[in-house]
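Q: Below is one structure. I have some questions about it.
The values are calculated or read from the model by the stated rules, or taken from the named source; none is laboratory data. Quantities reported herein were computed from a predicted structural model and do not represent experimental measurements. Cβ sites come from the backbone with ideal geometry, for glycine too, and all protein chains shown count toward neighbours. SASA here: full protein model, heavy atoms, side chains in, ligands and nucleic acids out. Shrake-Rupley method; radii C 1.70, N 1.55, O 1.52, S 1.80 Å.
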Amino acid sequence: MVKTAAILFGLVFLVVGICGFFPSITTPMPDGNGGMLLGIFHVNLAHNIVHLASGAIFLLCGLAGAGPSRTFFRIFGIVYALVAALGFYYGDQPILGIVANNMSDVWLHIVLAVVMLFLGFGTSGGDTATV
């Protein structure tokens, strides 16, 4: 289950990262600093690159097995929880002055963190013994 979830997360993150580059899917911001993906989530070049890199690593871990997938879910669950906390701190301003952010992004990051932490820590480790 965790391998499949990692592959699915990888594909979704790659698609979202790619979609952030298409003006037909991303509404431009009035200040010219990025756009609104699907009219909801603030994205910019740095945000898109993070999605693409995350998606590629998720795919690699999913293809490598349940152990690497579970470890990556644990690490990224913690990372996304920290990103959500930073998102609350920065509000609608870029996180660390680089990565686009708005409250929709923050709430999505909270949901992602909870799901990733569940997949990393809360699922049975029984599927790691399969060959």
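Q: If only Cα atoms are counted, what is the Rg of the stretch 1-75, and what is its Dmax, in Å?
A: 14.1, 44
Q: Set the Förster distance to 22 Å, then compute FRET efficiency between Met103 and Leu82 from the Cβ-Cβ distance, nearest 0.05.
A: So, using R0 = 22 Å, E works out to roughly 0.85.
Q: Can you give me the % of accessible surface on the stretch 1-122 that is carbon or sulfur? Probe 1.4 Å, all protein chains present, nothing else counted.
A: 79
Q: For Cα Rg over 2.2 N^0.38 Å, one of (i) 1.27; (ii) 1.10; (iii) 1.04 was computed from the structure I shared and the rest are decoys. Which label?
A: Calculated Cα Rg over 2.2 N^0.38 Å: the matching label is (ii).
Q: Roughly what % of Cα-Cα distances in the stretch 19-60 sit above 13 Å, to the whole percent?
A: Every Cα pair in the stretch 19-60 considered, those over 13 Å come to 51 percent.
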